[in-house]
Structure formats: structure tokens, C-alpha cells
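What follows is a set of notes on a single structure, which appears directly below.
The values are calculated or read from the model by the stated rules, or taken from the named source; none is laboratory data. This is a predicted model, so every value here is computed, not measured. Quick reminder, even Gly has a Cβ in these numbers, built from the backbone with ideal geometry, and neighbours come from all protein chains shown.
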Amino acid sequence: MMLGKMRLSGRMYRDNEPTLESDKRDLGEALAQAVERLPQNIYPAKIERLATLTATSRTTETTSFSSLMLNVAAFSEMLFAWACSSIG
């Protein structure tokens, strides 16, 4: 499903490239109409699984980032202590 008309009128890299041109409809309305035509409840179990995986990966990413920041802080302290001892 495309929200426009395919034309050979693009010119980003060369003339007459395939491009999807506006059909002058309001994009918000056209998108809403397109979404209404989509089939519903095709993969409800997969949607639930995706939501679970997304929540889990966010928690893992946050934990990994926190661990990384602690390691960076510890390394910075060690480097600072070494620099101070080298100066004195």
C-alpha cells in the first residue's frame, strides 16, 4: 500500500528516478484510512511476546549502561590516582 503515486520524476542522484509523489491528500488522514484497512488480530501472541522482549531488552540495556558507567568511573579514579602519583 502506497500513499501517493509512483512516478519517474525523482532527481536526488540523477533525473527520472522512481519516486513516490504526493497525491495531494492530507497525510494524516490518508495514513489513518490505510491503517483502518489493515487486517487486525493476526498475530496477537507475537505482539505480546514482542512487548515482553522490548521491556526485557530495555532493562538489560539500562543495567549494561549502568555497569559501563561504573567501570568508567572506577577507571577514571584509578587513572587520576596514577597521574597524581607520577607528578609527586
If we keep just the residues of the stretch 1-26 that are loosely packed, with under 12 Cβ neighbours inside 10 Å and of a type in the set (K, R), which is farthest from P39 (Cα to Cα)? R14
Could you run through the stretch 7-29 and say how many residues are touching an Asp or Glu at 6+ places or on another chain (Cβ under 9 Å) and either at pLDDT 90 or above or part of a loop (DSSP other than H, G, I, E, B) (or both)? 4
